[in-house]
Each structure stands twice: as structure tokens, then as C-alpha cells.
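Have a look at the structure below before the remarks.
Only the coordinates and a few stated rules stand behind these numbers; no lab work does. For clarity, every value in this text was computed on a predicted model and none was experimentally measured. Neighbour counts are summed over all protein chains in view; Cβ atoms, including those assigned to glycine, are modelled from backbone coordinates with ideal geometry.
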């Protein structure tokens, strides 16, 4: 079993990424945080909040699972899912390069990748 709070590693080409997932309240959200290992102060946070047609972890979903329109769902604990979201974020130019934490709505990225095969 993975320890909470420990960052996980994802290697894409020659770049090492560190990532983690958290569930927070009071607005009930899942947050996926990503950063390059060599730039500890440049972080991207993809935030998924519950809303109309969208749900985050909690009954009947498991920890780290999010579900959107059309019944598509993703598990933010799976490295393959994180990789697909990261690729989409990079393609959209969302990953910060300087010493900044960028927090963005993750649902548009969910919509782009949820229908893809894993």
C-alpha cells in the first residue's frame, strides 16, 4: 500500500516528473499535482471539483476516481491516466516554467482524454 503524501515518479522521454493526488474539502475536490524533478518550485495543479454532471471521489466512486459527462471516468492514482493528462497539459502549454504554482480546472483535460483507450 502506498503511503499518503509521498510523491510518485513518472518518466517521460528524458524528463522525470513527480506527481501526487489529494482529496480536499470543504468544496470536495481532487487535485493532481505535477512538477519536473529538476524544477521543484514550478508546479501544475489540475483541480477537479464536483459539479453538475461531474463527480469526484466519494460514494459510489473509489479514492482518486472522477467521473464526467457521458459516464466516462478516470482514476487519478493510475500512472497511465496521469501520463495522458500530463501530455494534454503540455500540449496546451499549461505547465509552468518559472517558480510558480499554476492551478487550473482539470475538467477540460478530462474531456480531452477520458474517451481515449488507456
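Tabulated data
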quantity: Filter pass, residue 33 being more than 20 Å from residue 83 (Cα to Cα) and either touching a residue at least 12 places away in the same chain (Cβ under 8 Å) or under 14 Å from the mean Cα position of the chain (by Cα) (or both); calculated: no
quantity: Meets criteria (closer than 18 Å to residue 6 by Cα and either exposed (fewer than 14 other Cβ atoms within 10 Å of the Cβ) or within 10 Å of the chain's Cα centre (by Cα) (or both)) for residue 86; calculated: no
quantity: Residue satisfying condition, being closer than 17 Å to residue 16 by Cα and in contact (Cβ under 8 Å) with a residue 40 or more places away in the chain, within set 95, 100, 47; calculated: 95
